[in-house]
Structures are given as structure tokens and as C-alpha cells.
Amino acid sequence: MASSTISTGNLTTRFQNKVKREYVRGGRYAPYIGNTQDAIIQVNNDLKKVSIPLIGKLSGAGVTGSTALGGNEEALNNYDFTMQPTYKRNGVLIDNEENEKAEFDLFSEARPALMNWAMELKRDEITQAMGAVIAGTTYANYGGTTGAYGAAAATAAQMDTWNTNNSDRILYGAAVGNYVSGDHTASLATIDTTNDKLDADMVRLLKRRAEAADPLIRPVMVKGDEPWYVFFVGTYAFRDLQADLDTKHQNAMPRSVDGNPLWTGGDLVMDGVIIKKVPEIDSVFIDGSGGAFGGVWGAGATGDSLATGGNLGSRVSVGFFCGAQAVGFGVGRQASFKRKKEDDYEHQSGVGITMKSDIKKTFYNNKQHGMVTSFHSSTGDA
């Protein structure tokens with residue numbers, strides 16, 4: 001009796017397809033990535049320069065009764081935000097001891113490390129994008145040179161311009177009055193360690209700011225008519241909010257282990273807002289060191305360091321209160337694995353991963369489109 005086998009080519013193709021799906025859909029931000037205008041992180045696929053379109057809402061009164069519509073039509077405002085996908089690659093070398101295995105085994109051996117590298121890079125580039133600022137035509141990272149195509153670290157002056165243009169979508173601490181017009185440094189310095197820690201009242205204020213922003217920060221609609229926002233915060237801000245919500249969850253949430261975040265350690269939910277912990281906001285971007293993103297919002301910031309930017313030099317963290325189309329994800333080429341031809345007298349073979357993308361916060365007319373940025377006091381554990 002003959003036994004059927006699957007050809008190496010078929011296995012490799014199936015594996016490549018899985019890699020493409022996981023690169024875009026996997027990771028901490030995965031539930032919020034999609035192709036539609038209702039996604040927080042909107043994907044656009046193109047081999048070259050890509051654009052995320054924005055269609056403005058109609059605001060005219062229209063006509064009623066017998067009034068002619070002809071001549072009373074309203075202009076449809078539309079804007080674009082462009083991205084420039086560029087290649088990101090990494091690889092490993094494998095000698096003949098491993099190369100003598102079947103090709104799909106070689107892919108399997110290299111897959112975990114290369115996929116983890118690609119996923120972590122995507123996660124950090126999305127986080128970097130959420131912290132970005134724009135000054136005129138200049139798109140800049142809050143700190144560091146790695147991230148969106150062509151972006152450099154923002155200067156203090158560029159942050160001041162961003163502060164001016166986004167007064168309705170930045171919240172410093174727990175009060176709107178902490179905002180100092182045109183001065184990001186002075187605004188951060190109003191944040192103190194007593195009154196400006198993240199709590200439920202601040203989340204509700206952020207939601208009101210999002211609802212009142214002009215242009216509108218559009219919530220993500222679930223089940224047709226349920227508006228939701230997602231708030232990405234660091235470890236210590238999540239800790240502070242969790243402590244503030246403990247009693248509320250005890251009284252309002254199910255007592256079972258499965259349903260109450262007191263026991264599950266999952267996302268926090270309140271008032272139509274999902275609060276999602278992204279530890280790397282603190283551990284990498286503010287407090288970290290080394291690597292492409294280590295400490296770029298903290299000790300390595302070109303403009304205002306969040307590690308010392310608060311009142312009396314206290315530590316500040318940042319959160320991103322997001323509605324639809326907050327971030328654009330331009331995909332030039334999906335992630336895939338490549339083989340390197342043999343080298344070192346035919347003793348070594350290489351396996352690499354390659355993808356082409358650009359990830360940016362979306363801005364239209366110098367306003368960040370789908371997000372309120374929250375700066376709050378967030379000290380480390382004593």
C-alpha cells in the first residue's frame with residue numbers, strides 16, 4: 001500500500017500564507033487593525049506610496065418642503081494622508097547540519113525568532129506612530145529616528161506647534177485647564193503626582209474631549225450602533241486606573257473568576273471605553289535603553305523627556321485614546337520568508353524575513369485625526 005505525502009512546495013506555500021496573516025493580524029494591537037474606515041489602525045495595501053482618505057461629514061442644513069435642491073448642494077470635503085512603505089528585513093544563517101533537513105523544516109526552525117522580530121517591530125512602530133507629532137508639513141516622532149519613513153525626532157519647537165494645533169485633543173493631567181497654549185513643556189510641568197494620576201474621572205473626561213473635538217473623533221461602531229473607544233496606556237497608568245476601579249468592579253461586575261477583571265487581569269472596560277495595557281509604553285519607550293526604541297520618549301528624547309517632564313521633575317506617562325482611523329498602516333508587501341543562496345564554500349544557507357510597510361498617526365490639516373493624547377502622572381513602583 002502506497003502512502004501519500006505532501007510536497008515540500010505545498011507546505012512552504014501554506015506556511016508563507018500563515019506568516020502573512022499573522023504579521024498583520026497578530027500581536028497586542030491586532031484586534032484593532034482592519035481594512036475599513038471603522039478600524040482604529042487602518043490598513044492600506046499598495047506597492048508604492050499609499051494614501052488614507054478622509055471624507056468630512058456634511059454640516060449643511062439641506063432643504064425642506066418645495067425648496068429646490070439644485071443650487072443648494074453641499075461640497076464634500078475630502079483629505080488625504082500619505083505614507084511611503086519601505087523594506088524591513090532580518091535573517092539568520094544556518095549551516096549544512098541544519099540545511100540537510102527538508103526545506104520546510106528549515107523554515108520551521110527559523111520561524112519563531114524571525115516572526116517574533118517582525119511582530120515586535122510592528123508593535124513598536126505602531127506605538128511610535130501613536131506618539132508622533134506634526135508641525136506644518138513635518139511629521140516627527142516624539143523621540144528617536146526609527147519609525148515612520150523619513151521621520152526624525154521632534155524638537156521642542158515642533159512639539160509646541162503640535163500643542164497649538166491640537167488643543168482640543170490633548171489632555172494634560174486631570175484638568176483641561178492644565179493646558180498651556182503653545183508650550184508643551186509648561187503643560188507637562190502642570191502634571192503633579194497627587195492629582196493627575198489616571199483614574200475613572202479622567203477616562204470620562206477624555207471621552208467627552210473626543211466627543212467634543214472638531215473635526216470629530218469618530219468612535220468605532222460595534223454591532224451597528226454601539227460606539228466604543230480604545231485607550232492604550234502603559235503599565236503604571238493601568239495600575240493606577242485599576243486601583244481606582246477595584247471597588248466599582250467589585251460592586252458592578254460578575255463575582256465569577258471568568259467575568260471580573262479583578263481576577264482575570266485582562267482589559268479594563270468602563271463607559272464605552274476599552275482600556276488596553278501596552279507595557280512597552282513604559283518599559284521600552286520611556287524607561288528603556290538600547291535598541292531602536294529604548295528610552296526615546298524618556299532620557300533619549302530630543303524635545304521633552306517624559307521621564308522628568310512633570311511637576312518638580314516627576315515622571316509622566318502617555319496614553320492614546322483612540323477612535324477610528326487613528327493610525328494608518330501602509331503595507332507595500334506582506335511579510336514573507338526568503339532563502340539565501342549557499343555561501344562559505346556551500347556550507348551556509350540563510351533564511352530571512354522581509355516586509356514593506358509604513359506606519360503613521362493620521363493627521364489632516366495639522367490635527368491628529370482619530371485620537372486624544374493623554375499625559376498623566378505615572379510613577380514607578382516604590
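The values are calculated or read from the model by the stated rules, or taken from the named source; none is laboratory data. Note that the structure is predicted; figures quoted are calculated from it, not measured. Cβ placement follows ideal geometry from the backbone for every residue including glycine, while neighbour counts extend to all protein chains displayed.
Inclusion of Ala292 among residues that are over 21 Å from the mean Cα position of the chain (by Cα), surrounded by fewer than 21 Cβ atoms within 10 Å (Cβ to Cβ) and not in a helix (DSSP H, G or I) is not warranted. Listed by first and then second residue, the pairs linking a residue in the stretch 131-160 that is at negative phi to a residue that is among the acidic types (Asp, Glu), with Cβ atoms under 7 Å apart and 6 or more places separating them unless they lie on different chains, are Ala148/Asp358; Tyr149/Asp358; Ala156/Asp304; Met159/Asp304; Asp160/Asp183. Only one of the listed residues (Asp168, Asp240) is assigned to a helix (DSSP H, G or I), surrounded by fewer than 18 Cβ atoms within 10 Å (Cβ to Cβ) and in contact with a Lys or Arg (Cβ under 8 Å, 6 or more places away or on another chain). That residue is Asp168. Quick check, is Gly319 in a loop (DSSP other than H, G, I, E, B), of a type outside the set (Val, Ile, Thr) and either farther than 21 Å from Thr185 by Cβ or in contact with a helix residue (DSSP H, G or I) (Cβ under 9 Å, 6 or more places away or on another chain) (or both)? Taking the combined requirement at face value, the residue does not satisfy it.
Scanning the stretch 171-180 for residues that are in contact (Cβ under 8 Å) with a residue 40 or more places away in the chain and part of a loop (DSSP other than H, G, I, E, B), we see that the one that is surrounded by the fewest Cβ atoms within 10 Å (Cβ to Cβ) is Ala174. Take the stretch 121-144 and flag every residue that is of a type in the set (S, T, N, Q) and modelled with pLDDT of 95 or more. Matches in the stretch 121-144: Thr127, Gln128, Asn141.
One residue stands out in the stretch 181-222 among those that are part of a loop (DSSP other than H, G, I, E, B) and in contact with a Leu (Cβ under 9 Å, 6 or more places away or on another chain): the one that is nearest to Lys367 (Cα to Cα), namely Pro215.
Looking only at residues in the stretch 338-362 that are surrounded by fewer than 21 Cβ atoms within 10 Å (Cβ to Cβ) and within 25 Å of the chain's Cα centre (by Cα), the one that is farthest from Ile170 (Cα to Cα) is Thr354.
Each residue in the stretch 290-315 was checked for being among the hydroxyl-bearing types (Ser, Thr, Tyr) and under 19 Å from Ala129 (Cα atoms), and 2 pass. Summed over the stretch 242-282, the residues that are of a type in the set (Asp, Glu), under 24 Å from Arg208 (Cβ atoms) and at pLDDT 90 or above give a count of 2. The residue that is farthest from Gly290 (Cα to Cα), among those in the stretch 133-165 that are of a type in the set (A, V, I, L, M, F, W, C) and part of a helix (DSSP H, G or I), is Trp162. Being closer than 30 Å to Glu226 by Cβ, in contact with a Leu (Cβ under 7 Å, 6 or more places away or on another chain) and not charged (D, E, K, R) holds for only one residue in Val372, Val316, Val331, and it is Val372.
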